[in-house]
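This report refers to the structure that appears directly beneath it.
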Amino acid sequence: MKHLTRRHRVSAGTEALALFVGLSNAASRRLVACTQCRYNSTGTSPSGNVTVDGKSYQTDEWHNLSSNITASISRRLHVQKDHPISITRSIIESRFPSPTFKYHNNFFPVVSTQQNFDSLGFPVDHPGRSKTDTYYINQETVLRTHTSAHQADVFRANESEGWLISADVYRRDAIDRSHYPIFHQMEGARMWDRTKAPNGDIAAAVLKDIEALPKHSMKVEDPNPPTHPERNPLQKEHSLTEAEAIAAHLKKSLELVVVEIFSRAKAAAVSANPDFVDERLKVRWIEAYFPFTSPSWELEIFWQGDWLEVLGCGVVKQDIMDKAGQPQQLGWAFGMGLERIAMLLFEIPDIRLFWSKDERFLGQFRGLSENLDNLRRFVPFSKFPSCYKDVAFWLRSSSSSAGGGSRANTQDFHENDVMEIVRDIGGDVVEDVAKVDEFAHPKTGRRSLCYRINYRSLERTLTNEEANGYHEQVRKALVEKLGVELR
Ligand code: PHE
């Protein structure tokens, strides 16, 4: 299925589940913060007020929230009874039982840049902080881009050995069937306390906990050593045996999540078709980098011919525990995207469906929250025709006439601004936006881009006039807001 496969595109790293600071992103995201981005989709004056889910905030020139985002903040799909995102959350929670794990499902989505970035050790020039990637309310306040924004606070509160946080997260992003600017993540952590482990022996305590986990027979590829001096360093505060034990507990716990999800997906498939035979489930661990864990990994699942990234994780940086007043604790953390897991679990073909209020969608999950053993696959209602429209334009020439050539031309342009304009106008009627052509004028160096927008409703047939209406507005907004020249 194309929508779940990884595609090479300009912002491959912006996949809804492709992780925020994952290596794949580092390469594709801009390496400098785009402070020049002029696009402000709400059209609010730089200093004013915005109300988010009942709370009022002062805005400034960093403000870049659009009204369709603000309007969706209150939906909280992860706690809506019988919603597939909420069902997926419950299934994963069942693998991390209370009281060892405490569940936090109601954290407010507005956080400080300190919580979202600084508390986790993101450098000041990290591309994730850019206005083109993150929704800012004002210079110090954002819509969280990941559930890790709450790590430090939950560690500081120190209410349980383990915890899970499920929440809505926000990223300015590409538009296609697996990307939506709002999605849901689950963050988890499990800590061990040096002062509580018998003889202070953390490794032994962790190994004992590993023994207590169930066994599984899934095939796991894990070719790298648990730590590597350059690629995946051991922290100086940990012994190798400690880090190895924590890594083993982490990996085993997450493999069991995959086994749980897929055995339920299989049961759902078999109930629809008793002859169903699945391909053998296979996962692999990949070395990764996150500013707040070391060593770190990503987990990929082999699904319908492709490796699919589903989560990021690692051994929690001791610095975070020290600052949270818990220097005696050490352990692991992970973050996973719930949409992709739910799409696999229920075979949901388009991420926009999660936002649908159509009974033909919601009705298919009714009653399942209380009956998780009765999962059924999603049966798509009719597929409505798509309507492709192209828009080609020259980027603003002002910067190149200032002598910077074609590179200067790109400085204040970011593809996510195009995405945001299209999303603002077309909303959920836009299925996909893809760059189909790009070239630089051989003499002037001026850059031309062409984007193909696929207008398709999930709920009804769009008329050509309607699609034209949207497209005309998009063309106008590109000129007005980004200063491009239509070709
Ligand atoms: N917050 C990371 C992301 O969104 C995932 C992560 C969480 C990685 C916890 C490591 C530990 O990409």
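The values are calculated or read from the model by the stated rules, or taken from the named source; none is laboratory data. Just so it is clear, the model here is predicted, and its values are computed rather than measured. Note that we place each Cβ from the backbone using ideal geometry, even for glycine, and neighbour counts take in every protein chain shown.
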### Task
Assess whether Arg231 counts as being under 24 Å from the mean Cα position of the chain (by Cα) and surrounded by fewer than 17 Cβ atoms within 10 Å (Cβ to Cβ).
yes
### Query
If we scan segment 315-325, do we find a residue that is part of a strand (DSSP E or B), within 16 Å of the ligand (Cβ to nearest atom), farther than 30 Å from Phe384 by Cβ and modelled with pLDDT of 95 or more?
yes
### Query
Among the helices (runs of 4 or more DSSP H) contained in segment 50-127, which hold 3 or more residues that are over 15 Å from Gln185 (Cβ atoms)?
67-72, 84-93
### Task
For segment 184-219, name all the residues that are of a type in the set (Asp, Glu) and either modelled with pLDDT under 95 or within 16 Å of the ligand (Cβ to nearest atom) (or both).
Glu187
### Query
For the subset of segment 185-208 comprising residues that are surrounded by 17 or more Cβ atoms within 10 Å (Cβ to Cβ) and not aliphatic (A, V, I, L, M), which member is farthest from Gln329 (Cα to Cα)?
Gln185
### Summary
Picking from Lys266, Lys252, Lys282, the residue that is in contact (Cβ under 8 Å) with a residue 60 or more places away in the chain, over 14 Å from Met336 (Cα atoms) and more than 15 Å from the ligand (Cβ to nearest atom) would be Lys282
### Sole residue being in contact with a Gly (Cβ under 7 Å, 6 or more places away or on another chain) and touching a residue at least 12 places away in the same chain (Cβ under 8 Å), chosen from Glu187, Glu159
Glu187
#### Entry: So Phe393, is it surrounded by 17 or more Cβ atoms within 10 Å (Cβ to Cβ), in contact with a helix residue (DSSP H, G or I) (Cβ under 7 Å, 6 or more places away or on another chain), modelled with pLDDT of 95 or more and under 22 Å from His184 (Cα atoms)
no
### Query
Which of the following residues is more than 16 Å from the ligand (Cβ to nearest atom), touching a residue at least 40 places away in the same chain (Cβ under 8 Å), within 20 Å of the chain's Cα centre (by Cα) and crowded, with 19+ Cβ neighbours inside 10 Å: Met336, Met343?
Met343
### Task
Name the single residue, out of those in segment 130-145 being touching a residue at least 40 places away in the same chain (Cβ under 8 Å) and away from the ligand (no atom under 16 Å from the Cβ), that is surrounded by the fewest Cβ atoms within 10 Å (Cβ to Cβ).
Gln139
### Task
Within segment 326-370, track down each residue that is in a loop (DSSP other than H, G, I, E, B) and closer than 30 Å to Gly200 by Cα.
Gln326, Pro327, Gln328
### Summary
Of the conditions (1) of a type outside the set (Lys, Arg); (2) modelled with pLDDT of 95 or more; (3) touching a Leu at 6+ places or on another chain (Cβ under 8 Å), the single one that Phe365 does not satisfy is (3)
